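The values are calculated or read from the model by the stated rules, or taken from the named source; none is laboratory data. Predicted model, so just to flag it, every value in this text is computed and none were measured. Reconstructed Cβ throughout: ideal geometry from the backbone, glycine too, with neighbour counts over all protein chains shown.
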Amino acid sequence: MANDKILSNKNVGWFVGPETSIPSWTAPTLAQLSALVNVSAGVRIAGTDFGIQASEQTDDRSFADEAGAQSLGYPNFGGNLSTFVPTVDDTTSPERIVHNAVKKPRTRLAVCQRFGIAQGLALAAAQEISLFRVITDAENTERRQTGYSTTTELVAQDDVLVNYIIPPAVAVAVTLAGTSGGVIGGAGLLSALYQGQAVTAGVKYTSSNPAVADVLPNGVVIFKSAGTANITASYPGALDSTSKAITVTAS
């Protein structure tokens, strides 16, 4: 299958609101996310470098150490948001809304990024987003040929949700498919879907009998001893999947 090319222009969405708009950062609902305001038209490409980065690592070893660098596992995100300065009589445009949101230092915000969907569309179920809790730093104003712009650093706070699939108003279940079992010492693979999107590596798997069939975070099932086990998958905001029966035999 050929790779799809997604044009970034008009397909990158920015949504902002007070951090209190999102009372649940483990599984925000569609209603909570819909309270964020679409300010995409007010965000400049030039000067904006806000986003998530690789996890921080420590590499403090002696020459005798065999182990490699260890990931600290902390969310590492932040950067600058560049916005257009609205005219004095502009009170309602996306430029005004985002400018008012970030202009005061130490303002706590929820910032949502969405890629690959027309920026003018509202947030909706089954869309994939990343959600960040940030605090604003002082803004820097720049004069350009066509007007003024500001650049504000958004400093990371505790919470981040990466590649989160927005749940519908009425919860639906994860669908689990794949292996039904095998012989001791073998392995099989499960796959998971949520609202039509692949979440095989994003769900949490639970085995009723790990001594018989243990499941790894990527959906690989290890057949360990003869017997049966039931595996379920869960995802934030979704109903748990129906149990998948796994039978392991000696040969």
Flagged in region 80-92 as surrounded by fewer than 21 Cβ atoms within 10 Å (Cβ to Cβ) and in contact with an Asp or Glu (Cβ under 7 Å, 6 or more places away or on another chain), in numbering order, are N80, P86
Conditions first: (1) small (G, A, S); (2) closer than 30 Å to G47 by Cβ; (3) outside any strand (DSSP E or B). S149 passes all but one, so which condition is the exception?
(3)
Of (1) over 24 Å from I22 (Cβ atoms); (2) buried (at least 19 other Cβ atoms within 10 Å of the Cβ); (3) under 19 Å from the mean Cα position of the chain (by Cα); (4) without any contact (Cβ under 8 Å) to a residue 40 or more places away in the chain, V215 satisfies all except one. Which?
(3)
Within region 152-177, residues being more than 19 Å from the chain's Cα centre (by Cα), hydroxyl-bearing (S, T, Y) and at pLDDT 95 or above number 1
Would you check which residues across region 114-141 are touching a helix residue (DSSP H, G or I) at 6+ places or on another chain (Cβ under 8 Å) and assigned to a loop (DSSP other than H, G, I, E, B) and list them?
Q119, G120, A122, L123, A124, A125
Residue in region 196-212 that is within 30 Å of P86 (Cα to Cα) and either hydrophobic (A, V, I, L, M, F, W, C) or more than 16 Å from the chain's Cα centre (by Cα) (or both) present
no
Quick one: in region 93-117, which of the residues that are farther than 16 Å from V134 by Cβ and within 22 Å of the chain's Cα centre (by Cα) is surrounded by the fewest Cβ atoms within 10 Å (Cβ to Cβ)?
G116
Tell me whether region 191-208 contains one or more residues that are out of contact with any helix residue (DSSP H, G or I) (no Cβ under 6 Å at 6 or more places or on another chain), charged (D, E, K, R) and buried (at least 18 other Cβ atoms within 10 Å of the Cβ).
no
Which residue pairs have Cβ atoms under 7 Å apart, sit 6 or more places apart or on different chains, and have a first residue in region 88-99 that is without any contact (Cβ under 8 Å) to a residue 60 or more places away in the chain and over 16 Å from S40 (Cα atoms) and a second that is surrounded by 14 or more Cβ atoms within 10 Å (Cβ to Cβ) and not β-branched (V, I, T)?
D90/R96
